[in-house]
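Only one structure is covered here, and it is reproduced in the block below.
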Amino acid sequence: MLLAEDDRAIRHALERALTLEGYEVTAVADGVEALAQAHRRQPDVLVLDVMMPGIDGLQVCRVLRAEGDRTPILMLTARVETADRIAGLDAGADDYVVKPFDVEEVFARLRALLRRTGSGTLPPGHGSQPLAPDGRPVPGRVQDGQAVVVADLRIDPPARRAWRGARELELTRTEFDLLELLARNTGIVLDHSTVYDRIWGYDFGPGSKNLAVYVGYLRRKMDEPGRPPLIHTVRGVGYVLRED
């Protein structure tokens, strides 16, 4: 794991806690050193502070994504506005934790990131089984045993690629996992707690805006003039992907 945090006290405390939790941690104090370390030895996961002198966490994230590096990234941020969170997603981050944070929340989010990305495929039971009330699989329509197809949306899970019509969607890991989960449960309303459990492995509670931010960002990538929206909000319950 690579940890980049310019606040010395936070860096040392988090490094110590993560080490005790069983992680092998390389801790650095700025974005320049973070990039150097990431290029020297690719970590399993990156924890990046947003606000760092010189090259900040967002810039580090953008550089790595531009290079094709898909290592999962957890951002640490003191900013709580939705626009700031979207900026992190824009840069290619997979998740974020708002300061001041409980270290147990950091652990939970890291476990969820590694659980769904550590092997390069989704883990058993994550995003692969639908949620029909009778417990039977209710997958999205499947072509060739692999691609999930709903209307003009096509998802290739093994390749982790998705298209809306002829246009390929540029998705982060979390966005892809969320889209696949919704598509495999076409027509089924998934409540917030279920989605949090399947995607993050942790229910952040009714006050969290994490899911709404990701759904909004996913819609902006999918929707375009002349094509009907596929992801619908069911107020007070959750979200559903369906043709209208």
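The values are calculated or read from the model by the stated rules, or taken from the named source; none is laboratory data. No experiment lies behind these values; they were computed from the predicted model shown. Here Cβ is always computed from backbone atoms with ideal geometry, including for glycine, and neighbour counts include all displayed protein chains. The accessibility values were calculated without ligands, DNA or RNA, using every heavy atom of the protein model including side chains. Shrake-Rupley method; radii C 1.70, N 1.55, O 1.52, S 1.80 Å.
Within the range 103-117, does at least one residue satisfy the condition of being in a loop (DSSP other than H, G, I, E, B) and either surrounded by fewer than 13 Cβ atoms within 10 Å (Cβ to Cβ) or modelled with pLDDT under 90 (or both)?
No, because not a single residue in the range 103-117 is in a loop (DSSP other than H, G, I, E, B) and either surrounded by fewer than 13 Cβ atoms within 10 Å (Cβ to Cβ) or modelled with pLDDT under 90 (or both).
Return the only residue of P72, P43, P53 being open to solvent by 10 Å² or more (accessible area, probe 1.4 Å), in contact (Cβ under 8 Å) with a residue 40 or more places away in the chain and in contact with an Asp or Glu (Cβ under 7 Å, 6 or more places away or on another chain).
The conditions single out P53.
Tell me which strands (runs of 3 or more DSSP E) are completely within the range 1-87 and hold 2 or more residues being under 28 Å from S208 (Cβ atoms) and of a type in the set (F, W, Y), or say none if there are none.
Counting at least 2 such residues, we get no strands (runs of 3 or more DSSP E) at all.
Just checking, does the range 196-214 include any residue being in contact with a Gly (Cβ under 8 Å, 6 or more places away or on another chain), surrounded by 18 or more Cβ atoms within 10 Å (Cβ to Cβ) and closer than 29 Å to F101 by Cα?
Checked the range 196-214: at least one residue is in contact with a Gly (Cβ under 8 Å, 6 or more places away or on another chain), surrounded by 18 or more Cβ atoms within 10 Å (Cβ to Cβ) and closer than 29 Å to F101 by Cα.
Being within 14 Å of A147 (Cα to Cα) and under 13 Å from the mean Cα position of the chain (by Cα) is the filter; apply it to the range 178-195 and report the residue that is modelled with the highest pLDDT.
In this case the residue turns out to be L179.
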